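Colleague: One structure, pasted below without further comment.
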Amino acid sequence: MNPFFQALRRASIDWRMVLMASVLIVIAVAFNAMSNGIFLSPENLYNIAQQTAVVGILATVMVLIIVTRNIDLSVGSVLGFIGVLIATLMYSYNWSWPTAALAGLAAAIAVAMYQGYLTAVVGVPSFVVTLGGLMSFRGAAFLVADGRTQPITNAFFLRLGGGYEGAIGTTASWALGLVMCAALVWWKLSQRRARRAYGVPTNAVWVDALMTAVPLVIIIGFVAAMNAYQIPNKAAPQGIPIPVIIWIAVALFVSFLVHRTRFGRYVFAMGGNPDAAALVGIPVKRVMLLLFALLATLTTIAAIVSIARLNAGTNSLGTNMELLVIAATVIGGTALAGGSGSILGSVLGALIMQSIDSGMLLLDVPIGWRYVIIGQVLIVAVVFDVVYRKATGELQ
Amino acid sequence: MNTTTQSSAATKLAKADPSRCLVELRNISKAFGGVVAVDNASLNLYPGEVVALLGHNGAGKSTLMKMLAGAYPIDSGDVVIDGKPVHVRTPADAQRLGIESIYQTLALADNLDAVANLFLGRELLTRWRTLDDHRMDADARTVFKRLNKNFTNVRTPVRRLSGGQRQVVAISRAIYFNARILIMDEPTAALGPEETAMVGNLVRQLKDEGVGIFLISHDMHDVFALSDRLAVMKNGRMVGTYATQDVTEDEVLGMIIAGKQPAGKAQTQRPAR
């Protein structure tokens, strides 16, 4: 084998992610051609990024839930319940937004501990527990404010949802982008140094350089696109929308948990072989409850972004959201059988789904057809997943 | 005992008196629902000794060993280690007492790599409480190399490894964490001849270092080649414990199948030396 391919092989590049990123690029270029350049305009990219954030935030943690061979069908209803609760506390009871948000978090954790206890300790299948939750918490979302819409008026809070004032401006966007670039380079360098220090084989320099350069270009391109979008009656361009920053922060945090902590390691071990996880002494129940607590926290964050985006809490908030979140997770390569999945995959999956939806919207595809097509995209993703796993010997 | 041996397991055990009992299982019982799996079974183990545990499927041998390993709670009876009664409620308790297990099913997470599996449940951490991947990687390579020089693909998911390599990962857990008491449940069931020989050599090596080994096996050849004593179980009860050199293969089969003790042979609760 020639050294070029040998170096690539050793670098343990996740070809699945490369492929998914390529699919995303193909989709974008195709829609751009069909829409005469509207799809890749800064305005459309800005909207896609912003619209994907809520599903994207929830998809990061849904990956972990599915990795442990569980599912959460109640996430949309719980999001609705928590969202309306926070909005009601602010509007009808005049609570300040931080106290209302903390109360929402407390309620979300109570919900998660209830469902988590049934799943992890009693042993009821999560499908059943959360199917019940799907209905019950939709009802709870109605009961909180008796079905009345609860408007949001706090100016700072509204910015969390993006929209007119909901971006950080060009200077801060560049600063953030550069900090991320610097962090990436520092991380890659320190990884190389540590590998050498322990005598672990390192990648060829050019492979690591390439693996650093690609994300750098993406970060810079993303910041440039967001900074190029100016709402017509505003004096300055938008920059990165705040919900997207929240999504990036959440994705980085959950990736950190997955790769750098015992918790993340245990989540994957439990999904790969639950018996082995118990036999080697992993506190399986505690890890599951912690995972549900993480789910509750991210659901609260997503609920805050949602109500800020809608300027209100309504009892239909988050309806069918669980389906979009699970679809994004599965399109992103998480196997429903458990044990495998990635956070970056969920980000790409959410973007692919939103891009297809948004592209069809630009092309005036009727709503019926949009659902038909998105549904089949999910099927294609799962078929690909099965074929890929068979090809790599993961499935017989 | 050789105190100059490099292995830390050996240095730790240099203090242990080989004539003093390492593990005593006293009158252990266990029922699942109404089904009695282990019925008033007693067994002991000395340092540097291999005790084979035999019996039909469902005779209770794996259940007895899983109780010692903390995987199942004990209904009644005592576990005594180094003369002190202990409570083994979880696998973590067992690990703290120096008990390591190699299961028939290998207890590996197929989706994780060999390094992650070696340290599963006992990951090395940096001072920020994050996983110390590089240290784990380096340490794992050292242990794997000791067992199999050709084992280098330590970063691929273990599902892609051969039966022998998977066994290396499972056994490495016992070596790296300095097991004093090792439970091997059918360690050669899935292995080829060469790999079986590797496991045999390893058992002898660990024995020399003073590790006490319980060996569950159906393979008479392994039992007679490796064990000092053998104990036979049937229907959850202990049929008898004998020095391996005192009994014949037919007598052992008679115990396994009919549950009858061989005539004129004395049982022993002490290692054959």
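The values are calculated or read from the model by the stated rules, or taken from the named source; none is laboratory data. It should be emphasised that the depicted structure is a prediction, and the values quoted were computed from it without experimental measurement. Methodologically, a virtual Cβ is constructed for each residue, glycine included, from the backbone with ideal geometry; neighbour enumeration extends over all protein chains shown.
Colleague: Quick one: which helices (runs of 4 or more DSSP H) sit completely within the range A:162-275 and have at least 1 residues that are closer than 30 Å to B:LEU108 by Cα, within 14 Å of another protein chain (Cβ to nearest Cβ) and aromatic (Phe, Trp, Tyr)?
Modeller: In the range A:162-275, the matching helices (runs of 4 or more DSSP H) lie at A:242-260, A:262-272.
Colleague: For the range B:143-161, does any single residue satisfy the condition of being in a helix (DSSP H, G or I), touching a Lys or Arg at 6+ places or on another chain (Cβ under 7 Å) and without any contact (Cβ under 8 Å) to a residue 60 or more places away in the chain?
Modeller: The answer is yes, given that some residue of the range B:143-161 is in a helix (DSSP H, G or I), touching a Lys or Arg at 6+ places or on another chain (Cβ under 7 Å) and without any contact (Cβ under 8 Å) to a residue 60 or more places away in the chain.
Colleague: Further, regarding this structure: Write out, first by first residue and then by second, each pair whose Cβ atoms fall under 6 Å of each other, whose residues are 6+ apart or on separate chains, and whose first residue, in the range A:372-394, is over 14 Å from A:THR329 (Cα atoms) and modelled with pLDDT under 90 while the second is among the aliphatic types (A, V, I, L, M) and outside any helix (DSSP H, G or I).
Modeller: A:ARG389/A:LEU395
Colleague: While we're looking at this one, here's another question. State the number of residues belonging to the range B:229-273 that are surrounded by 13 or more Cβ atoms within 10 Å (Cβ to Cβ), among the β-branched types (Val, Ile, Thr) and either part of a loop (DSSP other than H, G, I, E, B) or at pLDDT below 90 (or both).
Modeller: So the count comes out to 2.
Colleague: Please go through the range B:118-131 and give me each residue that is facing chain A (nearest Cβ under 8 Å) and not in a loop (DSSP other than H, G, I, E, B), ordered by number.
Modeller: The answer is B:LEU125, B:LEU131.
Colleague: Further question: May I ask you to list the residues in the range A:307-321 that are surrounded by 24 or more Cβ atoms within 10 Å (Cβ to Cβ) and part of a helix (DSSP H, G or I)?
Modeller: Correct list: A:ILE307, A:ALA308.
Colleague: Out of the range A:326-354, which residues are buried (at least 24 other Cβ atoms within 10 Å of the Cβ) and in a loop (DSSP other than H, G, I, E, B)?
Modeller: Selection gives A:GLY332, A:GLY333, A:THR334, A:GLY339, A:GLY341.
Colleague: Same structure again: Is it true that some residue in the range B:211-224 is touching a Gly at 6+ places or on another chain (Cβ under 6 Å) and more than 14 Å from chain A (Cβ to nearest Cβ)?
Modeller: no
Colleague: Would you check which residues across the range B:184-215 are at pLDDT below 85 and acidic (Asp, Glu) and list them?
Modeller: Once the filter is applied, which keeps residues that are at pLDDT below 85 and acidic (Asp, Glu), the range B:184-215 yields B:GLU194, B:GLU195.
Colleague: In addition: Tell me the strands (runs of 3 or more DSSP E) entirely within the range B:31-106 that contain at least 1 residues that are surrounded by fewer than 24 Cβ atoms within 10 Å (Cβ to Cβ) and free of Cβ contacts under 8 Å to residues at least 12 places away in the same chain.
Modeller: Passing ranges, in order: B:35-45, B:84-86.
Colleague: Ok, one more. Could you list, in sequence order, all residues of the range B:14-30 that are part of a loop (DSSP other than H, G, I, E, B) and crowded, with 22+ Cβ neighbours inside 10 Å?
Modeller: Within the range B:14-30, just B:LEU22 meets the criteria.
Colleague: Select from the range A:1-37 the residues that are over 19 Å from A:MET360 (Cα atoms) and not in a helix (DSSP H, G or I) and write down the one among them that is modelled with the lowest pLDDT.
Modeller: Per the stated criteria, the residue is A:MET1.
Colleague: Something else about it: Among B:ILE74, B:ILE102, which is the only one that is within 11 Å of chain A (Cβ to nearest Cβ), touching a helix residue (DSSP H, G or I) at 6+ places or on another chain (Cβ under 7 Å) and not charged (D, E, K, R)?
Modeller: Among B:ILE74, B:ILE102, only B:ILE102 is within 11 Å of chain A (Cβ to nearest Cβ), touching a helix residue (DSSP H, G or I) at 6+ places or on another chain (Cβ under 7 Å) and not charged (D, E, K, R).
Let's see how each residue does on (1) over 30 Å from A:GLY132 (Cα atoms); (2) of a type in the set (Ser, Thr, Tyr); (3) in contact with a strand residue (DSSP E or B) (Cβ under 7 Å, 6 or more places away or on another chain); (4) surrounded by 24 or more Cβ atoms within 10 Å (Cβ to Cβ):
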{"site": "A:VAL26", "(1), (2), (3), (4)": "yes, no, no, no"}
{"site": "A:SER35", "(1), (2), (3), (4)": "yes, yes, no, no"}
{"site": "A:ILE38", "(1), (2), (3), (4)": "yes, no, no, no"}
{"site": "A:PRO42", "(1), (2), (3), (4)": "yes, no, no, no"}
{"site": "A:GLN50", "(1), (2), (3), (4)": "yes, no, yes, yes"}
{"site": "A:LEU58", "(1), (2), (3), (4)": "no, no, no, yes"}
{"site": "A:MET62", "(1), (2), (3), (4)": "no, no, no, yes"}
{"site": "A:ILE66", "(1), (2), (3), (4)": "no, no, no, yes"}
{"site": "A:ARG69", "(1), (2), (3), (4)": "no, no, no, no"}
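Colleague: Can you find, within the range B:196-211, the residue that is surrounded by the fewest Cβ atoms within 10 Å (Cβ to Cβ) among those that are farther than 17 Å from B:SER172 by Cβ and small (Gly, Ala, Ser)?
Modeller: For the range B:196-211, the residue satisfying everything is B:ALA197.
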